[in-house]
Each structure stands twice: as C-alpha cells, then as structure tokens.
1. Can you say whether T72 is under 29 Å from V42 (Cβ atoms), open to solvent by less than 50 Å² (accessible area, probe 1.4 Å), among the hydroxyl-bearing types (S, T, Y) and not in a helix (DSSP H, G or I), as far as the supplied structure shows?
2. Within segment 50-65, restricting attention to residues that are of a type in the set (S, T, N, Q) and more than 15 Å from V76 (Cβ to Cβ), which residue is most open to solvent (accessible area, probe 1.4 Å)?
3. Sort out which residues of segment 105-144 are open to solvent by 20 Å² or more (accessible area, probe 1.4 Å), part of a helix (DSSP H, G or I) and closer than 20 Å to F169 by Cβ, and write them in order of number.
4. Kindly provide the set of residues from segment 133-150 that are within 14 Å of the chain's Cα centre (by Cα) and touching a residue at least 40 places away in the same chain (Cβ under 8 Å), ordered by number.
5. Got at least one residue in segment 115-129 being more than 21 Å from Y158 (Cβ to Cβ) and touching a Lys or Arg at 6+ places or on another chain (Cβ under 9 Å)?
6. So which residues in segment 79-104 are open to solvent by 60 Å² or more (accessible area, probe 1.4 Å), of a type in the set (G, A, S) and outside any helix (DSSP H, G or I), if there are any at all?
7. I need a count of the residues in segment 158-173 that are assigned to a helix (DSSP H, G or I) and surrounded by 13 or more Cβ atoms within 10 Å (Cβ to Cβ).
8. Restricting segment 55-69 to residues that are modelled with pLDDT of 95 or more and either in contact with a Ser or Thr (Cβ under 7 Å, 6 or more places away or on another chain) or in a strand (DSSP E or B) (or both), which is nearest to V132 (Cα to Cα)?
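The values are calculated or read from the model by the stated rules, or taken from the named source; none is laboratory data. What you are looking at is a predicted structure, and each value in this text was computed from that prediction instead of being measured. Cβ sites come from the backbone with ideal geometry, for glycine too, and all protein chains shown count toward neighbours. What goes into the accessible areas is simple: the full protein's heavy atoms, side chains included, and nothing from ligands, DNA or RNA. Shrake-Rupley method; radii C 1.70, N 1.55, O 1.52, S 1.80 Å.
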Amino acid sequence: RPDRLLYVDEKGAPPKIIAALAEKFGVIEQTYYCSPNWRRVVEWRKVAPKGRSMVWLGNFPRDNSPENITRTEAFVQKRLDEMAATGFDGIDQVQIHVRTDLSKEDPFCPSTPFMKAAIERCHKAGVGVQTVTWTEGENKDVYRRLWALGFDHFTTDYPDTLFELLPEFAAGK
C-alpha cells in the first residue's frame, strides 16, 4: 500500500535494523523513523537515504504552570537550536508535544506564541511540523487552534473528531 505511511517508534532499535526491515518489506520510502534523539534520526538518514524521519520534541509536563511552560519551551528551543545548527540535516518532520489545559487563557504548553515561532522556524528550513496533544475528551476547538498556528499534521487518540474537521481545514477555515 504505497499510499500509507509508517511511523516507526525506534524504542531503542538502531536505525540500521529498522532500515534493513523496511528494505526487506519494500516500504523504505514510506517509513518514518521516529525518535526523541535527533542524532539518531540523522544516523537513520545515512543508512536509509530514501526513508523519512521525525523528531519528537516534548518533556511531558504535569501541568501548565508558568514554571513548566518555561521548562518545556527551554527544552524544545534547545533541541531546535541544535538541529538548526546542522541545517536540520536529515530531518523531515518534528513533532511538538502539547499539554492542553482548557482552564487557562492560553491552554497550551508550550505556549501559543512559542509554538507559532517554532513552526515558522521549521517551515523556513523546509521541515514539517506535527503535533500531538493530550486533552480531556474530544475538543474540536483545540484542533482548530492548533491548525491555525500552522501545524501540518496531527497525531490523535480521537481520529473521529479530527476527521469531522478535515473538510473545514481543507476549505481553509
């Protein structure tokens, strides 16, 4: 099924092993090697130049306190700076983990302004940006707000909710 993409969570497996399996089954061009370690992603691209890659950026804060927002943004900023120093070499996508607290004016950690700047930075480098958020239940407004920031892709535990929004997103709303 060449129309399908495979996102492989490396879980400690060396890039060479995943590349060999993807080649064996003829899906190397569909396979995203996904890791929180951007250096492993660069290694993947060396052994699988036709493969794809994604780096996870997140530190799973317990809440959206100012301290956790500051800590999360510092973590993501440091990783973006490291990758930018190499020209984002070998990196196709980054995924920003977003903690959502709907009781806050800005419900996101990292904050809305930080994510907007991070997305713009990645896009200027030709890197796609994906998000995954953890929200109590299904909330269309959360997806709308994240889409409006410029995210290219979503990972979700609520595909039905996201599918309902696809026509709206496709129409540019």
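1. Numbers: under 29 Å from V42 (Cβ atoms): yes; open to solvent by less than 50 Å² (accessible area, probe 1.4 Å): yes; among the hydroxyl-bearing types (S, T, Y): yes; not in a helix (DSSP H, G or I): no.
Criteria not met by T72.
2. The first filter runs over segment 50-65 and keeps only residues of a type in the set (S, T, N, Q), leaving 53, 59, 64-65.
Applying the additional criterion that residues be more than 15 Å from V76 (Cβ to Cβ) yields 53, 65.
Values: S53: 0, S65: 24 Å².
This residue is S65.
3. Across segment 105-144, the qualifying residues are T112, K116, E120, H123, K140, D141, R144.
4. L146
5. yes
6. S103
7. Residues of segment 158-173 assigned to a helix (DSSP H, G or I): 159-170.
If we keep only those that are surrounded by 13 or more Cβ atoms within 10 Å (Cβ to Cβ) too, we end up with 161-162, 164-165, 168-169.
So the count comes out to 6.
8. Looking at residues that are modelled with pLDDT of 95 or more and either in contact with a Ser or Thr (Cβ under 7 Å, 6 or more places away or on another chain) or in a strand (DSSP E or B) (or both), I get V55.
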